[in-house]
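Working notes, structure below.
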Ligand code: PMP
């Protein structure tokens, strides 16, 4: 979020949709005794806006509702209501190329692990955040370092939920990587298999075949699914399988996918180097075309 980094997110101008109302950005506040803050009963989405439209809006809305259900709460709005509010908010804030952050959390009625009486709050914020389609800059690639923290087993947390609780180890891992001069962290899962980046999925390429981990304990990203479909349309073979860290030296290219990351090549993981090349280039082009055509 480089362009926006200088202004803190609670001090911007515009409107935020909060519990059914469009409120002034700076007055969209919560109380310090909020269940979502203390007990992480909070789910959210990250959506990208291209030419005034959210890409894959229904998929994101469905995931928001599913995430809430997995945390044992129900959003007090219809999907259509939230989608209409998003569209109105984009118009209100004049966002054509940007990012949308819907978030839902338990309020303050109970501060204990039990939260049966807590009101469910929902907010939607959005801000200008153009995508950088400059393929040359993108093709330089990012660097990643294997994290010490691991994605927990499915029995330890509802991994299909895009829940704020899951991001504690992501932030710790990202900081560790940044402290060591890398852009992002590659997270392994509890078995020691390659899982994903801190907020994106990962793909590897060998001899024009794509290999990506099975999303059995981490988010099966909407971008991941889109890119798999695009790759298959381009006649690439895509294999979802267990990938071991010992294999990291075997691949030619590597990239990550996510709503924010889009398709971002990786040039290094730990001591292994990759050369972002034709496969990355073709998939960046295909993804750029898909988002602009909203296909
Ligand atoms: N994994 C994690 C942990 C993420 O935060 C994200 C971003 N939402 C992804 C994967 C990619 O998901 P999507 O493509 O749906 O943005």
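No value in this document is a laboratory result; all are computed from the given coordinates. Remember, predicted model here, so these are calculated numbers, not experimental data. Backbone-built Cβ (ideal geometry, glycine too); neighbour counts: all protein chains shown.
Odds and ends about this structure:
- Between 0 and 90 degrees, the angle of helix 57-70 with respect to the longest Cα principal axis of the chain falls at about 70 degrees.
- Ranked for footprinting exposure by Cβ neighbours inside 10 Å, fewest first, 67, 108 give 108, 67.
- Stretchable slack from residue 168 to residue 206, in nm (0.36 nm times residue separation minus alpha-carbon distance): 10.4 nm
- Each label was represented as a point 7 Å from its Cα along the Cα-to-Cβ direction; for residue 11 and residue 268 these points are 3.5 nm apart.
- Least to most buried among 187, 110 (fewest other Cβ within 10 Å first): 110, 187
- Just checking the listed ones, 160, 178, 45: in the Gaussian network model of the chain with Cα springs under 10 Å, the one fluctuating most is 178.
- Cα-projected label distance for residue 242 with residue 80, points at 7 Å along beta-carbon direction, nm: 4.7
- Each residue in 182, 22, 55 was given a count of other beta-carbon atoms within 10 angstrom of its own, and listing them fewest first yields 22, 182, 55.
- Label sites at residue 31 and residue 113, each approximated as a point 7 angstrom past Cα along Cα to Cβ, lie 2.4 nm apart.
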